[in-house]
Amino acid sequence: MTAPDWIMPVLVGAFLAFSYRVVRKSRAGLGTAVLFMAALNVILLWTLWATGPSWAAPVVAVVSLLAATASAFAALRATVARIERVDTARFHDLVRAVTEAPGPQVIGVCVSPRGALVLTAFGDDTRPEGRQFHLPPGTHCPFCLVEDQARDFLGPEDPLLHEYRTHLARGSSRHLLVRRASQDEPWTGRLRDRIHYRVPAPSLRPPCPEHDPLLNAAR
């Protein structure tokens, strides 16, 4: 007795919908997740087109598209839920709380393309996505605040400052990450690649005699 034609398309559609959820929960990078799901869709839809009924591949493709949309909205909601808007005083309180906390600590600071200063603090390198705190554009220069954190954590002459400004001059706003394994060890830093984070337009940041020459050179 042969199985009905609809069995395989239903199983494939359910598997794709489940796969979107698994990939989203895995916290894989966006590029990795998109590439993986695209390859999975191509393989399974081609198999259905080659071996299944004529309606199977188009129907499952629609199901997959709906599942992808639902997964994208769920990821967006989760991202928004992690964001808290703060003022300058709250920003400094958060940084101080991180410096006084025991155990491994990692703190990230970057300037978004919209001019907000984004602070992310998390316990260790194995959790790259923590709660985000956004300091909206105001009278403060966000790039000065980033460099202030680099000086406070790493020292006033750390070469990371020069590297950071080199990227600014190219129009790229990099993500400053500083970490330490314990309170007894010094902080170390690196710049995380944020090529798609362009420096904000002049209308989205206050004038700054320190950084305007660099940022204008990047235009």
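The values are calculated or read from the model by the stated rules, or taken from the named source; none is laboratory data. Because the structure is predicted, anything quoted here is derived from the model rather than measured. Cβ placement follows ideal geometry from the backbone for every residue including glycine, while neighbour counts extend to all protein chains displayed. Areas reflect the complete protein model, heavy atoms only, side chains present, ligands, DNA and RNA absent. Shrake-Rupley method; radii C 1.70, N 1.55, O 1.52, S 1.80 Å.
When nucleic acids and ligands are ignored and a 1.4 Å probe is applied, V62 ends up with an accessible area of around 80 Å².
Solvent-accessible area of the chain (1.4 angstrom probe, protein heavy atoms only): carbon and sulfur portion equals 63 percent. Residues considered: P53, P156, P206. Largest GNM mean-square fluctuation over the chain, using C-alpha springs under 10 Å, is found at P53.
For H167, H92, the ranking by accessible surface with the largest value first comes to H92, H167, using a 1.4 Å probe. Heavy-atom accessible area, probed at 1.4 angstrom with all protein chains present, ranks Y20, Y197, Y164 as Y197, Y20, Y164, highest first. Highest GNM mean-square fluctuation among D93, D184, D193, for the chain modelled with Cα contacts below 10 Å: D184. In units of the rule-of-thumb radius 2.2 N^0.38 Å, the chain shows an alpha carbon radius of gyration of 1.34. Diagonalising the gyration tensor over the Cα atoms of segment 1-117 and scaling each eigenvalue by 5 before taking the square root yields semi-axes of 45, 14, 12 Å, largest first.
Subtract the Cα-Cα distance of L11 and R170 from 0.36 nm times their separation in residues, and report this length gain in nm to one decimal.
Numbers: separation 159, 0.36 × 159 = 57.24 nm, distance 4.94 nm.
Result: 52.3 nm gained on full extension.
For the chain, the solvent-accessible area with a 1.4 angstrom probe is 58 square angstrom per residue.
Net charge dipole, the chain: roughly 600 debye, given to the nearest 20, about the Cα centre with Cβ charges of +1 for Lys and Arg and -1 for Asp and Glu.
With Rh defined as the Kirkwood radius, the inverse of the mean 1/r over Cα pairs, the Rg/Rh of segment 11-73 is 0.98.
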